[in-house]
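Worksheet for the structure shown next.
The values are calculated or read from the model by the stated rules, or taken from the named source; none is laboratory data. Not measured: the values here are computed from a predicted model. Neighbour counts are summed over all protein chains in view; Cβ atoms, including those assigned to glycine, are modelled from backbone coordinates with ideal geometry. In case anyone asks, the SASA skips ligands and DNA or RNA and just uses the protein heavy atoms, side chains included. Shrake-Rupley method; radii C 1.70, N 1.55, O 1.52, S 1.80 Å.
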Amino acid sequence: MEKVVLAYSGGLDTSVCVPLLRERYGFDHIVTVVVDVGQPESEIGSAETRARAISDEHVTIDATDEFVTDYIFPLIKANGCYEGYVMGTAIARPLIAKKVVEVADEVGATALAHGCTGKGNDQLRFEAVFRATKYRVIAPMRELELTRDWEIKYAEEKGIPTTVSERRPWSVDENLWSRSIEGGRLEDPSFTPPEEIYEWTTPPLRAPDEPETIEVMFERGVPVGLNGEEIDGVTLITELNATGGKHGVGRTDMMEDRVLGLKARENYEHPAATILLRAHADLERLVLTRAELQFKRIVDDRWSELAYMGLMDEPLYRDLNAFIEKTQERVTGSVKLQLYKGSATPIARESPNALYREELVSFESSALHQRDAEGFSKYHGFQARMQKKIMER
Ligand code: ARG
């Protein structure tokens, strides 16, 4: 018996993959896997129901805690952000792929399948994981170059009723960290998105007139507390998505350079990500030296690019993580932020490792005199003055 394990979302593309794997690829046993990385419960539920109706075997894996601990926390430490995108989809894919491989090992499959097209980044992220295994890799959407209209017709022929949201002109990908809306008319960069594409955030202009102050506590670069109380990662992110969303925090409308080189208009919502990344970066500015901050910006950028590409097995990715991990030893403390009509602004921060301390500054100032800076000032800009004089001759 030839078994294939399919990374399944419950959406149209992956649903259509099930009969295609039977009819076009000749598999006689299709195992669907839904990996829970914090998508809405209703989405998981309907995906399971649909999977059970069309596949031969179904598995749902709850990977939310692992997603937070092993993927989101490292991203926060790295101030992970690619061209302004907080990478919700990007960092979840390698984890989903890993879980699919684990299921394949358990059920004794010979192949792994995903429902990504040949245009986007997700095929690369899945396959960076899939191709490191012994399994055959199948991508029906990419291989058969199907159109959405054909898929809808085929699905209905196969007794898979399509939902309203699938007939919507855009495609949504959602997990605990962010929600992505793309495709259809949104592809046109000059098209202004209708308000209805957003579900997590209030329009900033209609957000409450009263600002709200929150405080996030970090330990070694990891957020561990909210407003003075300890909190686990999943609950923290869930709460910040609600609070931030209410204040219209965390909307992105951007042009993104996909790995293949295509430019794509993308819309995202990510209130918790915005708040946590702002707070974390602010705390780093209090405890890390100027030299560390300058160098870490380069490291963070490179980290983000590798994470965006899904290249988590790249040795450089591990090397960068080792550097980042070392810097985070001192990133402990708390940051207060004000949420107000779309903005999340740090307004106060403290840390036992702060490089600013009043008593030390005053101790130093008895040993330092302002006139000591005179010699420094004389050399400051020295080369520029030399060069100017030479030009004047
Ligand atoms: N452009 C983003 C990325 O490459 C998000 C893609 C999400 N997919 C979707 N169908 N909305 O990570």
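Which of the residues spanning the stretch 351-393 are free of Cβ contacts under 8 Å to residues at least 60 places away in the same chain and within 21 Å of Leu283 (Cα to Cα)? Explain how you work it out, then say what you get.
Here is the first cut: in the stretch 351-393, the residues free of Cβ contacts under 8 Å to residues at least 60 places away in the same chain are 352, 357-393.
Within the stretch 351-393, Pro352, Arg357, Glu358, Glu359, Leu360, Val361 qualify.
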Original post:
Which of the residues that make up the stretch 298-325 are part of a helix (DSSP H, G or I), open to solvent by 70 Å² or more (accessible area, probe 1.4 Å) and in contact (Cβ under 8 Å) with a residue 40 or more places away in the chain?
Top reply: Glu305, Glu325
Original post:
Where residues in the stretch 60-87 are open to solvent by less than 10 Å² (accessible area, probe 1.4 Å) and assigned to a helix (DSSP H, G or I), which of them is nearest to the ligand (Cβ to nearest atom)?
Top reply: Leu75
Original post:
Is there a residue in the stretch 174-191 that is modelled with pLDDT of 95 or more, in contact with a Leu (Cβ under 7 Å, 6 or more places away or on another chain) and under 21 Å from Val86 (Cα atoms)?
Top reply: no
**OP:** Examine the stretch 227-239 for a residue that is surrounded by 20 or more Cβ atoms within 10 Å (Cβ to Cβ) and under 23 Å from Met309 (Cα atoms), and state whether such a residue exists.
**Re:** no
Subject >> Those residues of the stretch 170-192 which are touching a residue at least 40 places away in the same chain (Cβ under 8 Å) and open to solvent by less than 30 Å² (accessible area, probe 1.4 Å), in sequence order >> reply: Glu174, Asn175, Leu176, Trp177, Ser178, Arg179, Ser180, Ile181, Leu186
Subject >> Condition broken by Gly261, with the remaining ones in (1) without any contact (Cβ under 8 Å) to a residue 12 or more places away in the chain; (2) more than 16 Å from the ligand (Cβ to nearest atom) satisfied >> reply: (2)
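Determine which member of the set Ala97, Ala90 is surrounded by 15 or more Cβ atoms within 10 Å (Cβ to Cβ), within 15 Å of the ligand (Cβ to nearest atom), more than 28 Å from Arg285 (Cβ to Cβ) and touching a residue at least 40 places away in the same chain (Cβ under 8 Å). So that I can check it myself, show each step before the final result.
Numbers: Ala90 fails: more than 28 Å from Arg285 (Cβ to Cβ).
Just a single option satisfies the conditions, and that option is Ala97.
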Original post:
Which of (1) within 16 Å of the ligand (Cβ to nearest atom); (2) outside any loop (DSSP other than H, G, I, E, B); (3) open to solvent by less than 40 Å² (accessible area, probe 1.4 Å) does Cys116 not meet, given it meets every other one?
Top reply: (2)
Original post:
Among (1) within 16 Å of the ligand (Cβ to nearest atom); (2) open to solvent by 20 Å² or more (accessible area, probe 1.4 Å), which single condition is Glu256 missing?
Top reply: (2)
**OP:** Give the residue, chosen from Glu2, Glu23, Glu57, Glu41, that is open to solvent by 50 Å² or more (accessible area, probe 1.4 Å) and in contact with a helix residue (DSSP H, G or I) (Cβ under 9 Å, 6 or more places away or on another chain).
**Re:** Glu57
